[in-house]
Amino acid sequence: MTDAYQRFSPARIWTLATSTVTQLVRMKIVAFLAVFCVIVVAAAFAFPGLDAEQQLKQLKSVSFGAQLVFALIIAIVATALLLPKDVEDRTLYTILAKPVPRVDYLLGKLLGVLMLMGAGLIVMQIVCSAVLWIREGMVVSETIASIKERYKGDVPPEAMASVMTNIHAQGLAWSLHLGTLAIFLKGAVIASLALLISTFASSTLFTVISAFCMTVLGHGEGLLREYFMRGDATLWQSAFSIAIAIICPDLSLFEAVDAVVIGKAVSATSVLYMVWAAALYIIGYTAVACFLFKDKEL
Amino acid sequence: MKSRHWGLLLFLLVGIVKLPVEHRVYQHLSAEEVLPPRMEVGVMENLGQMGLAASLGGLRSMVASGLYLSAASAWDEKDWGSVDNRMGIATRLDPRYDGYWDNAANFMAYDAASWAREEPEFYTQQLYGHYVKRGIEILQQGLTYLPNSYRLHQNLGEVFSARPQPPDPKQAGEHFLLAFQNGALPVYERRAAYEFAKLANDPTSWKKGYTILQHHYAIGNKLPGVITNLKTLEQKLNIPLAQRIPDPMPPQSRR
């Protein structure tokens with residue numbers, strides 16, 4: 001061990017993170033971005049029979065749905081693949097044979113996954129915003145022309161204002177980007193959970209299935225808790241609900257997309273609350289992962 | 001104790017510590033209406049596999065959109081039962097979007113009811129009334145989630161004003177007024193007054209309508225509809241001649 005050795009080194013973590021990004025990019029995981037672009041463009045023009053407001057709403061719903069699927073795939077599958085792939089390639093032994101603490105290795109891997117997921121979501125959001133902006137302009141022109149035709153040129157300003165308000169409520173707004181942030185936070189929590197599972201899992205498949213189950217339970221944690229905590233729940237049902245609540249994160253806390261899609265403003269305090277909850281989960285699960293990985297036989 | 005035991009202990013500790021944090025964050029985000037309302041178990045039972053999978057997969061908004069499109073295709077086939085069922089799930093999956101409630105109600109109170117009226121082999125007064133009533137129910141359910149939605153009040157006012165047989169001007173007027181108070185255009189305040197003017201015997205509503213129209217008249221909004229209905233209300237309320245508006249009755253009243 002040299003004097004230069006540091007127990008915790010941000011530079012070392014950064015190096016590991018960037019190499020993880022390279023590793024994941026080589027796995028062609030980001031090919032989903034190209035699929036996303038096709039989905040968004042198709043969604044923008046796929047519903048000509050709907051009214052203008054609904055066309056924009058559908059575009060946003062499909063785009064955010066695709067972003068969520070991308071984030072979940074990266075968070076679960078990519079994270080689950082990392083450790084087994086490093087073992088298979090013998091990269092893990094090369095890294096840990098050097099004075100690299102296992103904590104740094106895990107943090108570097110997690111940071112790499114989060115960087116890739118964040119970059120992917122930013123690209124997707126830029127594409128989504130651009131298509132939405134173009135489509136909004138098109139449907140506004142079409143609607144104005146249609147209203148003018150209906151009123152034969154003499155359009156009451158009130159009628160025009162009413163229609164335009166509903167269309168612009170579904171158009172491009174700054175608050176839309178908070179939907180992407182909420183998806184990123186959810187993905188980050190799931191990635192840290194998947195990393196935790198992969199530190200003790202015996203196979204990649206086990207990690208993927210377990211992380212997926214935890215994700216589903218996490219979305220329904222509140223529902224399960226309410227169901228089992230009703231007055232008529234038995235002792236066993238109550239105990240089961242508490243166990244679920246302790247084991248799973250409440251992923252429904254990051255479901256701000258629905259509010260953002262309908263054009264609702266999200267306050268800075270609400271964003272801070274979501275970031276705070278995500279930070280608690282990520283720090284907690286990563287700390288547990290570090291303990292489990294510390295003595296793991298490789 | 002080995003590291004993995006410490007890890008397990010820490011995992012349990014994190015699980016316990018997070019509970020009050022989750023509760024507090026949930027309370028705050030729900031109060032700010034950032035999170036969609038949690039579905040009651042009774043509602044979930046009616047959602048079917050698709051709705052349940054959506055709610056557990058974090059894809060509520062996207063599945064609601066899919067159901068809306070599916071309802072629109074059932075609408076093309078005039079399969080009103082499927083339209084109602086699919087829109088019912090879409091509205092419950094995305095209850096804070098008034099567009100779904102609005103469309104679901106229109107599908108029933110206008111499209112299905114008009115279809116029932118225009119199909120001689122199916123037409124019965126009961127069937128027409130059933131679809132109109134269903135449209136009203138949908139809007140009223142929507143207002144339990146979105147009590148301040150001018151769009152839902154506006155539509156409910158429209159439905160009460162024109163669809164039931166006979167129409168219900170009292171309810172129509174109240175909802176037009178609520179629509180205006182929640183951000184709808186001023187025309188809806190006037191329409192509330194027009195509806196109040198239609199009532200047979202309701203001096204309280206007449207006074208409300210009279211005050212609204214007087215205000216519009218005073219600010220120079222002397223539309224034929226304002227003048228006609230103001231004159232009707234002056235007569236109904238027995239306003240002294242000296243206080244009545246001097247304008248003659250317009251030849252044909254318009255909004």
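Of all residues in the range B:144-155, which are open to solvent by 20 Å² or more (accessible area, probe 1.4 Å) and free of Cβ contacts under 8 Å to residues at least 40 places away in the same chain?
Listed by number, the residues that qualify are B:Thr144, B:Pro147, B:Asn148, B:Tyr150, B:Gln154.
Considering each residue of the range A:287-298, count those that are more than 7 Å from chain B (Cβ to nearest Cβ) and either surrounded by fewer than 22 Cβ atoms within 10 Å (Cβ to Cβ) or not in a helix (DSSP H, G or I) (or both), and give that number.
Final tally of qualifying residues: 3.
Cβ-Cβ below 6 Å, separation at least six or inter-chain, first residue in the range B:117-139 and open to solvent by less than 40 Å² (accessible area, probe 1.4 Å) and modelled with pLDDT of 85 or more, second of a type in the set (Lys, Arg) and not in a helix (DSSP H, G or I): which pairs?
Pairs that qualify, where the first residue is open to solvent by less than 40 Å² (accessible area, probe 1.4 Å) and modelled with pLDDT of 85 or more and the partner is of a type in the set (Lys, Arg) and not in a helix (DSSP H, G or I), are B:Val132/B:Arg163.
Across the range B:141-168, what is the number of residues that are in a helix (DSSP H, G or I) and touching a helix residue (DSSP H, G or I) at 6+ places or on another chain (Cβ under 7 Å)?
Residues that pass the stated criteria total 13.
If you take just the helices (runs of 4 or more DSSP H) that sit entirely in the range A:165-277, which of them hold at least 1 residues that are more than 9 Å from every other protein chain (Cβ to nearest Cβ) and buried (at least 18 other Cβ atoms within 10 Å of the Cβ)?
A:176-200, A:204-228, A:235-247
Show the residue pairs meeting these rules: Cβ distance below 9 Å; 6+ apart or different chains; first residue within the range B:184-195 and within 11 Å of chain A (Cβ to nearest Cβ); second residue surrounded by 24 or more Cβ atoms within 10 Å (Cβ to Cβ) and of a type in the set (Val, Ile, Thr).
B:Arg190/B:Ile212; B:Arg190/B:Val226
Given the conditions (1) among the β-branched types (Val, Ile, Thr); (2) at pLDDT below 90; (3) surrounded by fewer than 22 Cβ atoms within 10 Å (Cβ to Cβ), which single one is not true for A:Val62?
Result: A:Val62 fails condition (3) only.
With respect to the numbered conditions (1) within 18 Å of the chain's Cα centre (by Cα); (2) open to solvent by 30 Å² or more (accessible area, probe 1.4 Å); (3) not polar (S, T, N, Q), which one is the sole condition not fulfilled by B:Pro166?
Going through (1) within 18 Å of the chain's Cα centre (by Cα); (2) open to solvent by 30 Å² or more (accessible area, probe 1.4 Å); (3) not polar (S, T, N, Q) one by one, B:Pro166 breaks only (1).
If only one of A:Val41, A:Val87, A:Val69 is part of a helix (DSSP H, G or I) and open to solvent by 60 Å² or more (accessible area, probe 1.4 Å), which one is it?
A:Val41
Whether any residue in the range A:83-103 is among the hydrophobic types (A, V, I, L, M, F, W, C) and within 20 Å of the chain's Cα centre (by Cα) is what I want to check.
So far as the range A:83-103 goes, no, none of its residues is among the hydrophobic types (A, V, I, L, M, F, W, C) and within 20 Å of the chain's Cα centre (by Cα).
Across the range B:1-33, which residue is surrounded by the fewest Cβ atoms within 10 Å (Cβ to Cβ) among those that are at the interface with chain A (Cβ under 7 Å from one of its Cβ atoms) and not in a helix (DSSP H, G or I)?
The selected residue is B:Lys2.
The values are calculated or read from the model by the stated rules, or taken from the named source; none is laboratory data. In this text the structure is predicted, and so the values were computed from the model without any measurement. We place every Cβ from the backbone using ideal geometry, glycine too, and count neighbours over all the protein chains shown. The area values use the complete protein model at the heavy-atom level, side chains included, leaving out ligands, DNA and RNA. Shrake-Rupley method; radii C 1.70, N 1.55, O 1.52, S 1.80 Å.
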